[in-house]
Structures are given as structure tokens and as C-alpha cells.
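The structure under discussion appears below in the form of C-alpha cells.
The values are calculated or read from the model by the stated rules, or taken from the named source; none is laboratory data. Small disclaimer: the values here were computed from a predicted structure and weren't measured. All Cβ positions, glycine included, derive from the backbone under ideal geometry; neighbour counts span all protein chains shown.
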2 protein chains.
Amino acid sequence: MRSRAERRRNWWGWGYDDAAMTDEQVASLGRAVADRLGTEVTPAPAPRLEDVSLPACRIDPPAALAPLCRDDDRDRALHTYGRSYRDVVRGFRREHPHPPDLVAHPENEADVVALLDWCGSSGYAALPFGGGSSVVGGVEAVGLRERYAGVVSVDLTALDRVLEIDRVSRAARIQGGALGPVLEDQLRPEGLTLRHFPQSFEVSTLGGWLATRSGGHFATLYTHIDDLVESMRVVTPTGISESRRLPGSGAGPSPDRLFLGSEGSLGIITEAWMRLQDRPRWRGSAGVRFDSFAAGSEAVRALSQSGLFPTNCRLLDAGEALVNAGVADVVDGGALCVLGFESADHPVGPWLERALELVADYGGTVPEGEVRLRDDGAAGAGSGGARGGAEGAWRGAFVRAPYTRDGLVRCGVIVETFETACTWDRFPALHASVTEAVEAALAEVCGGGWVTCRFTHAYPDGCAPYFSVLAPGRPGDELAQWAEIKAAAAEALLAAGGTITHHHAVGRDHDPWYRRQRPEVFGRALAAAKRELDPAGILNPDVVI
Amino acid sequence: MRSRAERRRNWWGWGYDDAAMTDEQVASLGRAVADRLGTEVTPAPAPRLEDVSLPACRIDPPAALAPLCRDDDRDRALHTYGRSYRDVVRGFRREHPHPPDLVAHPENEADVVALLDWCGSSGYAALPFGGGSSVVGGVEAVGLRERYAGVVSVDLTALDRVLEIDRVSRAARIQGGALGPVLEDQLRPEGLTLRHFPQSFEVSTLGGWLATRSGGHFATLYTHIDDLVESMRVVTPTGISESRRLPGSGAGPSPDRLFLGSEGSLGIITEAWMRLQDRPRWRGSAGVRFDSFAAGSEAVRALSQSGLFPTNCRLLDAGEALVNAGVADVVDGGALCVLGFESADHPVGPWLERALELVADYGGTVPEGEVRLRDDGAAGAGSGGARGGAEGAWRGAFVRAPYTRDGLVRCGVIVETFETACTWDRFPALHASVTEAVEAALAEVCGGGWVTCRFTHAYPDGCAPYFSVLAPGRPGDELAQWAEIKAAAAEALLAAGGTITHHHAVGRDHDPWYRRQRPEVFGRALAAAKRELDPAGILNPDVVI
């Protein structure tokens, strides 16, 4: 179990060194992309750590904390950025003007308290760092070296234990720094699972998921991690907040909901009691084809409003279906719905059957052999046997995508994803205006490019569209080009009634639009809470609050 | 539709005058209760308004607001209290030492803003008042006449319109003062329903539900009103907060969750976009008998963890089954599970069938003819045809219960309900210790009494037990006796790991225990938010914050 943690993290790109694309893979990727974008692509070598030059560390930890702190180049470079496209480009370019002075690795909650005390009394900024997979600029120190005498990145991944399991209530007390695979490994022997699988699963932590309101495995119902929380323990500079472990409550505003989404600006989540699932035994899936994305989205709306609660219900446009599910028979302008049900309690046949009736009402068809029902048997529940068809292909591509992105960065290609949520009545106009705005921006700043769309989550009252962008970059100008595309997308989303983020979080990248979206009154309430809990303003400054 | 609003409200007891128990009904109730408690019961006549003497109104509204304000005895007496047992006893006794000076009846949001401006600039307390059905002392002015030069009860029931319906997303924009039947009447022509049916449905408002995190119709899944909110509009003394209409979001901490549960202490909810349901067409129900409450609760746990999401899943002990569902064949110490499924999309046979298999694993049995499956047909969906069996009986008794309680007050009987939620692992010990503590208190302060228990809601990780108490009162001492019973129950709940309230709210009655339950750090954050949004401290002082 611990062996995962000992795999070496990539200091500039996604995930682990041993999973990065090889030079040969990047070269092959470059040829494929050159074909699709109609440009020339010349892959560059991966950056070398010895070519990185970092500003000196300015601070010394007190003797008691020194054993927890590191100032070597590798750790500081690794903790300089999250892992957005922009971060990877900057890492790839070996641009590290604002690394943390130190990286602290607390081993327990007392260490976290001591670190915040030290930072608070010294006027140092403290940046909570989970798996470091932020794609919104949520964990960096840009602008902070100038305002704080020291900047400490607080890496929480040593707080990685499942401390207690309540089998009867299907819940566990888990430390905030546990990475996805690390916590799942500890739950598996009990036949339990959190079943929260964001794309960053391998390199993100429970505390990070909670702090950013992460979106996971379930396409309907329990979409956000928020709904899986029983209670949280949060270290703030002025005390520890621990909520009561409850299945539901109506006693005043929810304490947990203040910290969910606070992105490290109010406190550090050291533990949470999380609601778990039994490992599923029965599964059903189908890849449903539609002639138009509009028809597919109407079908997904009907499914979302049916009370069937499919586990998977992703709608992919033709481009996404090809790249991410290996499905080539979706007509141009059409869509693929990757539909799945799972249960630990009962065969899902009746659920899938009704779902297929429903989608047929909207013109959805399933090729012969593409409806799958499976029973893993009591012994095999959750054994993780390979999924077939569109669903299986989709999952494989999903987890690999960020590694591929690093390869694209080496090819000089601009690659960005952005996501939102809106009510069903607004979706057709949002889809049209966002696509148009981004295509216009791509034409202007890149001379063209590729935009695709899928749904990551669906609700009775709306959906969560997710857009992917691929465009040729001009060497050296990629980040300026990226910024123009990003701004065009964000403006269009906000104007069309969407949210600036459904599950990627706010960080620095979404901040200008978040401020416009957030009720001014609520913003003042949050700022007042921050002043009370973090009077010295040391926790993740400039983020959210 | 408006005719309901014109029915005359009972100024001292529950609901409407025309639905109150008659003298004959109270006499008959008295004989039944005397039999059960083994005491003598002599019903007293209902109080007369002309015997009430109120402290004078101390303030004059400005000319612009005068048409909205009333100071007649009936309105001030009606708005002096909520409708807890303690409130009804005080009303029945004609004890009204702290009525509001005035009752304001704003007709639109601008009126609400103007009223708060006036109160703020004059140093008057403003008490938001929806349907006035608080059972926790949430809407009264005790202790406020001494500290504020004026106290204004702000009755919001004139803001009662459904302003907009989005049929595609199944959502509606509804004013905060709409009573349950008033808003359902406006949704029915569209075939839609909020399906939030707390026991107070007739005399509680959308804004009140939101402000108190009300629990409703659905026994599983969408238990609290919280989950049905798309966005809210809240008038605070320093501005209006309006959140964006979204099916889901991850952009910072949820603005709505700060106001949900704030019980009028941060602002007045004037509008909300609410998620609706299609009116159900297919229904299935069964009354499942268990030999022990423990076996029944294990079965409900299995149901809650099955992913079947029954609409109704109430577990009643033998006493509750007899009184509230008219089911007399539950063995002493046994339990009845009132199980129900409903859907607007599909026949619920497979769901009910699997649920009955599950409960059978725990010894649950259903008498012949007690399993019902119904299809109302497309035209009849939601026509409200009578439900049969235990479920139908349970519903009828549920709505009438608070009227019966007023009759019991006239009989000098102490009647109280309290509720909580806890994780499954803690439930057996909580049930035992709470029952024991309350029975001991009843023996000591009343010489005996009756405690029964049911589940109102069930979750994958826990349940929401609801206790009812019936005991003979000593004339004149009832409230002191009640307070001792209440304190014994609250102490036992908290010690056993429950919440002081799952859906009744905090108000003044639960405040001492709420303060102990709430994380101190979060309490400070809330207080800071209150100082920012309501710097003069005029909104529902002493409640929650």
C-alpha cells in the first residue's frame, strides 16, 4: 500500500515519473496531432531539474519543525505549481520565480497546528498542498514572496491513514492527506469504497477534494464530494473546528459547508468522516448513439429526471466519442451517451431496461452487443474486472488524459479544459454561445483549433458541460494565447448563466469571474469569517476570499 | 386558491379556527387519554381573545409603512409565539407579556427592504414570521422588549406567489411567504409539485422551511429542503444577496448554505428558485411488521443502504403504529415499517419487490392484502386519490396531530415531540438511553407517562429518530414539568452522539444544547458574518447566532 506513495512524483508534469509519456510516445502523439490540426509539430525534450534555478530560501524553521521541512530544489520545484496546462508549461519552461521557501511535511495534526502557529507568529504565508493537482492556480505563491517574509508549502500527504471504519454505518474517519489509491487500498479489505474517482484520483487527496468541492465518479445523485461528508476536522490559525458526525442535521447553518470550497483559505482539513459505499457487484452498461447532440442532451435530461439515478450518464459529442471512448460510429454532429448502472444490492436489469426505453424516445440507439449486464458474484464484487465497450474505453482514456496533456505541451500544442453547470433551459444557448466564442478566439489567436464537449454530471434541473480545447501554439506565446482563450470561454459561460466552475474550483485562474458570480453580500460574510479565523491572513492568500 | 389564505388562523393554537377540535371532541379525547394515563382529565374551555391583555404598542411606523402595519390584539397575540407545546400552553393561559409592538405585512420585496431600513435606523428588532409554526421558540420576542425600543414581527405570508416556472428544468421561482398549499396550488396546473410536506405544511412557508432546514415528505434521499434549492434571494440589513440559479456548483463555499438554517438571523428570504418533481403516477406501498424495533431498524438500515431510495420508509414502534397508523397487530416491543415508492416515470414493482425481499431477511412480514401497487394513469397523476392501508392512515393522523395536541393542552396533558439524527452504530444505545432518561424524568416529574419512537427519515449512514411524549400535567405546573422532560431528553441526545435537532430547528428552546454541539470556531465565523451583514443586530436577536 505504501509503495504507491514511494513512486517518484513528476516535478514538472502530471502524476508519476514512471507513467510519463516516453520520447517515442510523444513523437507519435506529435504526428497524430499535426495531422489533425494541420500544422507542423516538433516535440521538445522533457525539462531537466538541473537546469532549474530557484530563488533562495529565505527562512529557517525552528528546531522543533526543522525535521519536517525541506528546501531542496526538487521538492520546491514540485510544489511551485499545481498541474494546470499553464502550470505544466511554466514547469516545462523551467520558470520558477516564486517557489515556496520551504516545503513542510507534517506527519500528524499536531505538526499542522505547530506549523500554522509558526507561520502566524512569523508573518509567513502557509499554502496547503494535497496532491498538488490543482488546475486553477490554487496552490502557488505568485505575488506572495513580495508580501510575506516567508512562504511555506504545507504538503499533507503524510497524513494518509484511514483511522477508523464504522462498517455498520458504512463510514470511515480518514486523514486529509490520503491520496485516492491510498485510501481505497485501506478500505478494500472491509469491502467498502468511497467511490470518488475524479480524473486526478491518483494524485489528489481527500482534503483537497473537500477543500475544492471535487466532482467524482457518480454522474448523477452523489456528484460532489460534499454529499459524502459526515463531519470534518479543520485546523485554523485560531483553533480546531470539529463537527459532529451526523447522517443529517438541521441545527443551524452547516459547519462543514463553510469549509467545503474554501480552498485552504480558512483552515487545513486534517480529518473527515466520510460516507462509503459497498463495492458494487451488479453492473449494466450501454453506449447509446444519437444523431444530434441536442437529442442526446434531451435524453440525458429525461434520464436525470426519471429517478433512475444511473451511475454513469456521460454524453460525448462525436469528437469526444472518438478520442475518449474509441467510438468511431457516431455521426458528425451526433453524440454518444455512456450509460451505466451499478449496485451492491440488486441486479440492475430493470433500471437499465427502463433507461433504454427512455433514451429510445429521443432517438437513442444501441448497436447489437453493446448492452452489457454483469454479475461479479459475491466473491468478485469490486474485483475490478475490466469493463467492456464504450464505458471501459472511456475510463481508460479518462485516467491517462493528463499524462497525454504533458506530451502535448512538449509538442507545443495548447490544450485546455473548462467546465460549468447550468439549468436545462439554458443549456442549448450556452452550448452554442460558448462554442462560438471559443472557436472565434481560437481562430483569432491560434488560426484555428478544436473544441469538443461532453457532460460530466447531470442533474434533474441541469447539466455540467465540460469543454476540451486543442490548438496549435506559437512557440513562446502559448500562455498569452491560452489566456485569451480562457477569458473568452469564461466570459461566455458567465453571460450564458453558467457557473465559472462546477468541480475544478476557483483558485487564481477563475477568480475574476468568481468575484462577479458570487453575491457581494456573501463575499462580505466570507471575508468577515476569514478575518475571524485567520486574523493574520496567512492561509492561502488571494484564493477564494 | 386565495380562499385558503382567508381562512382565519387560530390566534393561540395550531392552524385554522375551523379545523380546531370542538368541545365534544376534546371531551372525548380527554376520556381516552385518562384511560391510557390512568389519571383524571377535566378539559378546560378554549381561551377567548377578549380575555387577553397585551402590553401597549410603543412605536409608530412612518407614514409610508403605516398601511402595512397592524397593532390590533388579535394580530399581536397571534404573532407573540410560534406553536410549540410551550407556546400553545402560554397562549391557552392568555400569557402574553412580550408581544411584538407591531405586526408588519409587507406585500413585496421593496416593502421588506423598507421595513428593515426603518427598524435598523430606529434600533428596533425585526422578527421574520412565516407561517408561525415554529416549535422551538424561533419567532418570539422574549427578552427583546427590554433591549429594543421596538419589536416588529414581519409577517411574510403576503409574498405568496409563484413568479416563474421553468418546465424544462422542473424548477420555479417562488416567493418566501407562500404557504405550502398556496404554492402547491400554483404548481399543480403545470403538473409539477415541490413535494415538501412537513407536518406543518398547511401553516408554514417556503421561506420558513429554508430558514429552518425543514424536513419533508421524502423519507430518504431528498430529506431536507436544502437539497431542493437552486438559488435564493435574501434581504439583509446591508444589501440583497442573490445566488446564481445552478443545478450544482463548485465555486467557493455555497452561498445558499450560509442562509439555510440561519433562522432569520442573517436575512429575510424573499424568493427562491426551487427544484420540483413531476406529480407521481405509479405508487407501491406495504406495511411491514417486525417482532422487535431493533429488527425493524436493521431492516431500515439495509433499505437505506440498498440504493432503492423508497419515498416513505418510516419505522413506528408499537405505540406509534397504534396511534398514528391505526395498526393494532404490531406485537408489544415490535415495529411497523410504512414503506412506499412513487414515480412519475415508471411502475415501481421491481423496487418494491426487492425492498420486500430485503426486509424479509430481517424478519419483516406483510399481512395478506397489505402490498399495494397502483397506477393512477396519465390523467390521474397526482389527483390525490386516497391512499390505502397503513400508509394512508399514517398520513391522515400526521396532519391532524398538532390540532389534537391543542386538545390535549386543554385537557392539561403534557405533550412533546423531539427528534434527532445519529449514525447507525450509535442508534441502539441512543434509543435505549434517551428512552430511559425520558421515562425517568416522566416518573419523577409527572408520576409516569408514555414515550414512543419512530423514524422520520433514514440515510445510508444513519437515521432520524423522533420521540413523542404524553404525560399527565399538574395544573399550573405544566411548563416547569415540560422543561425538565425537555432538558433530560436533550442531555441524553447530545451525550449519545445525536444532533439537538434534525429538522425542527434551534430557536430558543434548543439553544443551550446547540451551542455545545456547534464547533466553537464555526460559531465565531457565524458571529463575524452576522456583524458584517446585520451590524445593528436587529434580525431575530438571540436565535442561532
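Checking the structure you have, find out if any residue of segment B:270-282 is among the hydroxyl-bearing types (S, T, Y), in contact (Cβ under 8 Å) with a residue 40 or more places away in the chain, assigned by TED's automatic domain parsing to the domain that holds B:D226 and not in a helix (DSSP H, G or I). Let's see the steps before the verdict.
Just the residues of segment B:270-282 that are among the hydroxyl-bearing types (S, T, Y), to begin with: B:270.
Then drop every residue that is not in contact (Cβ under 8 Å) with a residue 40 or more places away in the chain, which leaves B:270.
Next, from what is left, pick out any that are assigned by TED's automatic domain parsing to the domain that holds B:D226: B:270.
Checking which are not in a helix (DSSP H, G or I) leaves us with B:270.
For segment B:270-282, residues among the hydroxyl-bearing types (S, T, Y), in contact (Cβ under 8 Å) with a residue 40 or more places away in the chain, assigned by TED's automatic domain parsing to the domain that holds B:D226 and not in a helix (DSSP H, G or I): present.
What are the residues in segment A:101-115 that are within 26 Å of the chain's Cα centre (by Cα) and buried (at least 24 other Cβ atoms within 10 Å of the Cβ), if any? Give the derivation first.
To start, the set of residues in segment A:101-115 that are within 26 Å of the chain's Cα centre (by Cα) comprises A:102-109, A:112.
Selection gives A:L102, A:V103, A:A104, A:P106, A:V112.
Taking segment B:235-253 as the region of interest, how many residues are among the small types (G, A, S) and more than 12 Å from A:A525 (Cβ to Cβ)? Spell out the reasoning first.
Of the residues in segment B:235-253, the ones among the small types (G, A, S) are B:239, B:241, B:243, B:248-252.
Remaining after also requiring more than 12 Å from A:A525 (Cβ to Cβ): B:243, B:248-251.
Residues in segment B:235-253 being among the small types (G, A, S) and more than 12 Å from A:A525 (Cβ to Cβ): 5 in total.
Among the residues of segment B:162-177, are any on the phi < 0 side of the Ramachandran plot and under 17 Å from the mean Cα position of the chain (by Cα)? Talk me through it step by step, then tell me what you get.
Applying the first criterion (on the phi < 0 side of the Ramachandran plot) to segment B:162-177 yields B:162-169, B:171-177.
Filter once more, keeping what is under 17 Å from the mean Cα position of the chain (by Cα): B:176-177.
Yes, there is a match, as at least one residue in segment B:162-177 is on the phi < 0 side of the Ramachandran plot and under 17 Å from the mean Cα position of the chain (by Cα).
Among the residues of segment B:203-227, which ones are more than 12 Å from chain A (Cβ to nearest Cβ) and at pLDDT below 95? Reasoning before the result, please.
Keep residues of segment B:203-227 that are more than 12 Å from chain A (Cβ to nearest Cβ), which gives B:203-208, B:217.
Correct list: B:H217 only.
Could you grab me the full set of residues in segment A:97-155 that are of a type in the set (G, A, S) and in a loop (DSSP other than H, G, I, E, B)? Can you show your working first?
First, the residues of segment A:97-155 that are of a type in the set (G, A, S): A:104, A:110, A:114, A:120-123, A:125-126, A:130-134, A:137-138, A:141, A:143, A:149-150, A:153.
Selection gives A:G123, A:G130, A:G131, A:G132, A:S133, A:S134, A:G137, A:G138, A:A141, A:G143, A:A149.
Would you confirm whether any residue within segment B:270-289 is closer than 29 Å to A:V168 by Cα, more than 9 Å from chain A (Cβ to nearest Cβ) and at pLDDT below 95? I'd like the intermediate steps shown before the answer.
Taking segment B:270-289 and keeping what is closer than 29 Å to A:V168 by Cα, we get B:284-289.
Narrowing the set further to residues that are more than 9 Å from chain A (Cβ to nearest Cβ) leaves B:284-289.
Pick out the ones that are also at pLDDT below 95 and you get none.
Checked segment B:270-289: no residue is closer than 29 Å to A:V168 by Cα, more than 9 Å from chain A (Cβ to nearest Cβ) and at pLDDT below 95.
Which of (1) under 11 Å from A:M274 (Cβ atoms); (2) in a loop (DSSP other than H, G, I, E, B) is the odd one out, the single condition A:I174 does not satisfy?
(2)
State the number of residues belonging to segment A:494-545 that are of a type in the set (F, W, Y), in contact with a helix residue (DSSP H, G or I) (Cβ under 6 Å, 6 or more places away or on another chain) and facing chain B (nearest Cβ under 7 Å).
We begin by selecting, within segment A:494-545, every residue of a type in the set (F, W, Y); these are A:513-514, A:522.
Checking which are in contact with a helix residue (DSSP H, G or I) (Cβ under 6 Å, 6 or more places away or on another chain) leaves us with A:513, A:522.
Subsequent filtering for residues that are facing chain B (nearest Cβ under 7 Å) retains A:522.
Result for segment A:494-545: 1.
Quick check: anything in segment B:349-358 acidic (D, E) and not in a helix (DSSP H, G or I)?
No - not one qualifying residue is present in segment B:349-358.
Looking at the structure I just gave you, is B:E342 assigned to a strand (DSSP E or B) and charged (D, E, K, R)?
On the way: assigned to a strand (DSSP E or B): yes; charged (D, E, K, R): yes.
Yes.
For residues that are in contact with a Lys or Arg (Cβ under 7 Å, 6 or more places away or on another chain) and within 14 Å of chain A (Cβ to nearest Cβ), scanning just segment B:439-493, find the one that is farthest from A:A251 (Cα to Cα).
The residue in question is B:P460.
Given the residues B:A77, B:A20, B:A64, which is the only one that is within 15 Å of B:T404 (Cα to Cα) and either at pLDDT below 95 or of a type in the set (A, V, I, L, M, F, W, C) (or both)? Before the answer, list the steps.
Details: B:A77 fails: within 15 Å of B:T404 (Cα to Cα); B:A64 fails: within 15 Å of B:T404 (Cα to Cα).
Just a single option satisfies the conditions, and that option is B:A20.
Of the residues B:T205, B:T212, only one is over 16 Å from B:V235 (Cβ atoms), among the hydroxyl-bearing types (S, T, Y) and crowded, with 24+ Cβ neighbours inside 10 Å; which? Full working, then the answer.
Numbers: B:T205 fails: over 16 Å from B:V235 (Cβ atoms).
The match here is B:T212.
Kindly indicate which of B:V154, B:V112, B:V142 is touching a helix residue (DSSP H, G or I) at 6+ places or on another chain (Cβ under 9 Å) and not basic (K, R). Walk me through how you get there before you give the answer.
On the way: B:V112 fails: touching a helix residue (DSSP H, G or I) at 6+ places or on another chain (Cβ under 9 Å); B:V142 fails: touching a helix residue (DSSP H, G or I) at 6+ places or on another chain (Cβ under 9 Å).
Being touching a helix residue (DSSP H, G or I) at 6+ places or on another chain (Cβ under 9 Å) and not basic (K, R) holds for just one of B:V154, B:V112, B:V142, which is B:V154.
Is one or more of the residues making up segment B:418-439 within 19 Å of the chain's Cα centre (by Cα) and surrounded by fewer than 23 Cβ atoms within 10 Å (Cβ to Cβ)?
Filtering segment B:418-439 for residues within 19 Å of the chain's Cα centre (by Cα) gives B:418-422.
Applying the additional criterion that residues be surrounded by fewer than 23 Cβ atoms within 10 Å (Cβ to Cβ) yields none.
Looking for residues that are within 19 Å of the chain's Cα centre (by Cα) and surrounded by fewer than 23 Cβ atoms within 10 Å (Cβ to Cβ), one finds none in segment B:418-439, hence no.
When only residues in segment B:306-339 that are within 14 Å of another protein chain (Cβ to nearest Cβ) and in a loop (DSSP other than H, G, I, E, B) count, which is surrounded by the fewest Cβ atoms within 10 Å (Cβ to Cβ)? Break it down stepwise before answering.
In the first step, residues of segment B:306-339 are kept if they are within 14 Å of another protein chain (Cβ to nearest Cβ); the result is B:306-311, B:313.
Next cut, in a loop (DSSP other than H, G, I, E, B) only: B:306-311.
Values: B:S306: 21, B:G307: 22, B:L308: 22, B:F309: 18, B:P310: 28, B:T311: 24.
Top of the filtered list is B:F309.
Restricting to segment B:228-264, and then to whatever is part of a loop (DSSP other than H, G, I, E, B) and more than 9 Å from every other protein chain (Cβ to nearest Cβ), can you tell me which residue is nearest to B:S204 (Cα to Cα)? Spell out the reasoning first.
Of the residues in segment B:228-264, the ones part of a loop (DSSP other than H, G, I, E, B) are B:237-238, B:243-254, B:260-264.
Still in the running and more than 9 Å from every other protein chain (Cβ to nearest Cβ): B:237, B:264.
Working: B:P237: 24, B:G264: 14 Å.
Filtering first and then ranking leaves B:G264.
List pairs: first in segment A:458-475 and polar (S, T, N, Q), second in a strand (DSSP E or B), Cβ under 6 Å, 6+ apart or cross-chain?
Pairs that qualify, where the first residue is polar (S, T, N, Q) and the partner is in a strand (DSSP E or B), are A:S468/A:T417; A:S468/A:T452.
Is it true that B:L303 is among the aliphatic types (A, V, I, L, M), more than 9 Å from every other protein chain (Cβ to nearest Cβ) and in contact with a Lys or Arg (Cβ under 8 Å, 6 or more places away or on another chain)?
no
On the basis of being in contact (Cβ under 8 Å) with a residue 24 or more places away in the chain, under 30 Å from A:S468 (Cα atoms) and of a type in the set (S, T, N, Q), does A:S133 make the cut?
yes
May I ask you to verify whether B:G369 is in a loop (DSSP other than H, G, I, E, B), at pLDDT below 95, away from every other protein chain (no Cβ under 14 Å) and surrounded by fewer than 20 Cβ atoms within 10 Å (Cβ to Cβ)? Spell out how you get there, then give the answer.
Details: in a loop (DSSP other than H, G, I, E, B): yes; at pLDDT below 95: yes; away from every other protein chain (no Cβ under 14 Å): yes; surrounded by fewer than 20 Cβ atoms within 10 Å (Cβ to Cβ): yes.
Criteria met by B:G369.
Can you pull out the residues in segment B:468-504 that are among the small types (G, A, S) and farther than 22 Å from B:T404 by Cα? Full working, then the answer.
The first filter runs over segment B:468-504 and keeps only residues among the small types (G, A, S), leaving B:468, B:471, B:473, B:476, B:480, B:483, B:487-490, B:492, B:495-498.
Residues satisfying the conditions are B:A487, B:A488, B:A489, B:A490, B:A492, B:A495, B:A496, B:G497, B:G498.
Considering only helices (runs of 4 or more DSSP H) fully contained in segment A:436-545, which possess at least 3 residues that are aliphatic (A, V, I, L, M), modelled with pLDDT of 95 or more and under 24 Å from A:G296 (Cα atoms)?
The qualifying helices (runs of 4 or more DSSP H) are A:478-495.
Pairs only if they're at least six apart or on different chains, beta carbon under 7 angstrom, first in segment A:360-371 and of a type in the set (A, V, I, L, M), second crowded, with 16+ Cβ neighbours inside 10 Å and not in a helix (DSSP H, G or I); list them, first residue then second.
Close Cβ pairs satisfying both conditions: A:V366/A:A286; A:V366/A:G287; A:V366/A:V288; A:V371/A:A286.
Of everything in segment B:163-181, what is more than 14 Å from chain A (Cβ to nearest Cβ), surrounded by fewer than 23 Cβ atoms within 10 Å (Cβ to Cβ) and in contact with a helix residue (DSSP H, G or I) (Cβ under 8 Å, 6 or more places away or on another chain)? Give them in sequence order.
B:P181
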